[in-house]
1. Give me the angle, in degrees from 0 to 90, between the Cα long axis of helix 42-51 and the longest principal axis of the Cα atoms of the chain, rounded to the nearest 10.
2. Extent of the stretch 228-320 along each principal axis, from alpha carbon coordinates, in Å, largest to smallest?
3. Largest first and to the nearest Å, give the Cα extent of the stretch 333-406 along each principal axis.
4. How do Tyr312, Tyr334 line up, fewest other C-beta atoms within 10 Å first?
5. Among Leu383, Leu228, Leu360, determine the one that fluctuates most according to a GNM of the chain built with springs between C-alpha atoms less than 10 Å apart.
6. Which distance in Å, rounded to a whole number, links the C-alpha centroids of the stretch 330-350 and the stretch 376-406?
7. At q = 0.12 Å⁻¹, what base-10 log of I(q)/I(0) does the Debye formula yield for the chain when every alpha carbon is treated as an equal point scatterer in vacuo?
8. What do you get for the angle between helix 55-68 and the principal long axis of the chain? Use alpha-carbon atoms, 0 to 90 degrees, nearest ten.
Amino acid sequence: MLFLLPRRVFLLLLGLLLAAQAIAAPPDSNSESLAYRPHDPLNLSAFNHFYNLDYDRAVQEFEQVLGRHPDDPFAVNHLLTATLFRELYRMGVLNTGEYANNTFISAPHRPADPEIKQQINDLVNRALRLEEKRLAANPNDVEALYARGVTRAQFSTYTALIERAWFSALRNAVEARRDHERVLELSPSTTEAKLIVGTHNYVVGSLPWGVKAAASIVGLGGNKDKGLQYLRESGQGTGETSIDAQILLAVFLRREHRYDEALPIVRGLVPRFPQDVLLALEEGHVLREAGHNQEAEAVYRKIWQAGREGQYPGLHYEIAALSLGELLRSQKEYSGAAAAYEQVGQAPQPDPEALQKANLGAGEMYDLLQKRDLALAKYQAVLANDASTPRADTARKRMKEAYREN
């Protein structure tokens, strides 16, 4: 119980933080006003590529910035973030639909590359050395405290999603929050620090009483209203977290079922960054949760078509077809759902997990349509994709007995 309770607290924190980062929007047309550190003109391009999910170019440009500013912890943190999220995307961890609940943490994903893991750890240690050196000289160095909080937050994400080391992840999450709370004590106008503090306040403030009490034991207090206000203030600031804060606010509003407030935020960001397929998908997810199924269907179809026309080069736009299949399935439009599931395999190099899920879904739809031969072929495709997954176990059951809805 002592293990599971803090893990539950951490998963809620992590899921919401990643939901925002996974769909994070780029700076808008006034992005030059955002205070990127270090003050290097290449940062703007690097961030644009990062938010465009062009992680390779972002990593290359952040490496150049770090080469020019080798002793700047912000430069190290930016490269750390880009390297980490490039790997998470490759692993299939950043599909936004998974973050509507906490099942994302138990979902099967591809293992991390050992060399990338070593790079991430090296960058974490490099950043911490720079930050600790500055804090040893001045414990109230606001920028060093802020930078250390960012490093700890990213390391928390790494230890949770890649190493699955829950206690380490929770400890780093708590330490990140404390660093940024100290920043706000010393410099209340540093609105960037309100991103993590506001997120933690909202999430912990949303927990059931018993879990909230357990969270307080490990140093996580919370207040929902304070959290939302902090995110609004961070979003209105000019720091490099202002856009992320706006996205987090939209995510929280969605979880509060305040779709009419969340939707304009997302819709305002989609056209600013048309190559961010995850952000585009989020519009569909919000619409679906709001019960606007026809609008959600139109969004998913639009994303699929845009992907076919080359708008999302190298990205997994086939998730739109998978999402469309699930939407139509929920409406008992089994033929349309099967057709949507079939589209997933038509994308170039589809995400293996999405493809397996789509093949299983298509097989079940064909069973409901009494097309047993087609269903069996799809179940075989599930096994051919990866016979060791829970979906493969389900496919084996379906091969023995046709799928029927309860």
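Values quoted throughout were computed directly from the atomic coordinates according to the rules given, and no laboratory measurement underlies them. Being a predicted model, the structure only gives us computed values, none of them experimental. Don't worry about glycine lacking a Cβ; one is built from the backbone with ideal geometry, like all the others, and counts go over all protein chains shown.
1. Approximately 30 degrees, to the nearest ten.
2. Principal axes ranked by extent give 40, 30, 16 Å for the Cα atoms.
3. 31, 27, 21 Å, listed from the longest principal axis down.
4. Numbers: Tyr312 23, Tyr334 18.
By the 10 Å Cβ count, ascending: Tyr334, Tyr312.
5. Leu383
6. So the two Cα centres are separated by 16 Å.
7. Evaluating at q = 0.12 Å⁻¹ gives log10 I(q)/I(0) of -0.98.
8. 10
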